[in-house]
Amino acid sequence: MVVLVAALVLPRAVQASSDFYLLYRQWQPYDWPQNVPTATEVSRSQRGAGWHRRSAAGEFGVDYDYQPLRIRTGEPAHNGHLHRLTFGSQWQHRLYRVEARAGFAGTSNIFKYQEFHGDVVNGRVAMFRAVDEASPLSLGIGGDHRFGSFRWLPRVRWQHASDSGHWLIDLPVMLRWQSPGQLWQLRLERKGDRWATLDGAREIKSTLYLREWRAELTYRVRSAGKFWPAVVLGLGASIDTRVRYRDLVAGTLDQRLGDALLGSIRLGW
């Protein structure tokens, strides 16, 4: 908690840039993993917005996203409307790098009726130390919900820039390549988080975990101008998507939704 607070309040350099973005992402419907007569496809989409400020010392950002995850089988103890608001920061000083994020994540009825419980507070943190000042390799540790329940994992971070572009490898959670000029970006990343949930009768408080491997290739169609935003289009896939949640009849379910294609559009100012 001390590291989270420290990273979020670190002073920024005088010269900095900031941007605002809007995001929409749509997945191909998932097939329900079991042969249930009443089962229907699971639809999923994401709307997001955020503001980020970057400087030589690091980055600070505020991000909000809303994901309708429509599971129409059984009796889920949640309404499928997942909201998340986070405040995050990245900071680097000499050999050390800290990445931290904290915020609130829950279903819409939790915020509507203000019936909060402890799982609505969420966060992640990672700390790295470079091997030496000239080395692109850093070793560290990170804690988050990418693989389900919160856990700490060792991390190995390596980055390299050349005429072929910029490479960033952060094992075991991410691989990213950006072309020269940042027109193209290829990203393979482990995504996963936790949302606090509340059933329709507002009697059962539980938690939903959504996790996946996501691969996405994006292309910047145009850069931001004086009167128009930058436009970035993306195409990719979610692989091995899993959801764990409470069902009023069956108890805790951990289901593999499978794989699905996705498309995205991002506007930036």
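The values are calculated or read from the model by the stated rules, or taken from the named source; none is laboratory data. Given the structure is predicted, the values throughout are model-derived calculations rather than measurements. Every residue, glycine as well, gets a Cβ built from its backbone with ideal geometry; the counts of neighbours run over all protein chains shown. Keep in mind that these areas ignore ligands, DNA and RNA; they rest on the heavy atoms of the full protein, side chains included. Shrake-Rupley method; radii C 1.70, N 1.55, O 1.52, S 1.80 Å.
Considering only the stretch 164-189, state which residues are in a strand (DSSP E or B) and among the aliphatic types (A, V, I, L, M).
Leu168, Ile169, Leu171, Met174, Leu175, Leu186, Leu188
Taking the stretch 64-91 as the range and being open to solvent by less than 20 Å² (accessible area, probe 1.4 Å) and either part of a strand (DSSP E or B) or small (Gly, Ala, Ser) (or both) as the test, the residues that pass are Asp65, Gln67, Pro68, Leu69, Ala77, Gly80, Leu82, Thr86, Gly88, Ser89.
Looking only at the stretch 187-206, which residues are within 24 Å of Gly140 (Cα to Cα) and in contact with a Leu (Cβ under 9 Å, 6 or more places away or on another chain)? Those that are within 24 Å of Gly140 (Cα to Cα) and in contact with a Leu (Cβ under 9 Å, 6 or more places away or on another chain): Arg187, Leu188, Glu189, Lys191, Gly192, Asp193, Arg194. Exactly one residue out of Arg194, Arg202, Arg187 is crowded, with 17+ Cβ neighbours inside 10 Å and over 23 Å from Ala230 (Cβ atoms), and it is Arg194.
If the condition is being modelled with pLDDT of 95 or more and either open to solvent by less than 40 Å² (accessible area, probe 1.4 Å) or within 17 Å of the chain's Cα centre (by Cα) (or both), then the stretch 21-42 contributes Tyr21, Leu22, Leu23, Tyr24, Arg25, Gln26, Trp27.
Please verify whether Arg94 is open to solvent by 60 Å² or more (accessible area, probe 1.4 Å), at pLDDT below 95 and in contact with a strand residue (DSSP E or B) (Cβ under 6 Å, 6 or more places away or on another chain), treating the condition exactly as stated. Answer is no for this residue.
Picking from Leu233, Leu253, Leu262, which residue would you name as being part of a strand (DSSP E or B), of a type outside the set (S, T, N, Q), over 20 Å from Thr73 (Cα atoms) and open to solvent by 30 Å² or more (accessible area, probe 1.4 Å)? Break it down stepwise before answering.
Numbers: Leu253 fails: over 20 Å from Thr73 (Cα atoms); Leu262 fails: open to solvent by 30 Å² or more (accessible area, probe 1.4 Å).
Matching residue, one of Leu233, Leu253, Leu262: Leu233.
For beta carbons closer than 9 Å, sequence separation of 6+ or different chains, a first residue in the stretch 244-262 that is of a type in the set (Gly, Ala, Ser) and a second that is assigned to a strand (DSSP E or B) and surrounded by fewer than 19 Cβ atoms within 10 Å (Cβ to Cβ), the qualifying pairs are Gly258/Ile239; Gly258/Asp240; Ala260/Ala237; Ala260/Ile239. Filtering the stretch 241-250 to residues that are out of contact with any Asp or Glu (no Cβ under 6 Å at 6 or more places or on another chain) and surrounded by fewer than 13 Cβ atoms within 10 Å (Cβ to Cβ) leaves only Ala250. Candidates Ser179, Ser223: the one that is open to solvent by less than 40 Å² (accessible area, probe 1.4 Å), hydroxyl-bearing (Ser, Thr, Tyr) and without any contact (Cβ under 8 Å) to a residue 40 or more places away in the chain is Ser179.
Wholly within the stretch 99-163, which strands (runs of 3 or more DSSP E) include no fewer than the required count, namely at least 2 residues that are open to solvent by 20 Å² or more (accessible area, probe 1.4 Å) and without any contact (Cβ under 8 Å) to a residue 12 or more places away in the chain?
Values: elements: 121-130, 137-144, 151-162.
Once the strands (runs of 3 or more DSSP E) in the stretch 99-163 are filtered for at least 2 residues that are open to solvent by 20 Å² or more (accessible area, probe 1.4 Å) and without any contact (Cβ under 8 Å) to a residue 12 or more places away in the chain, what remains is 151-162.
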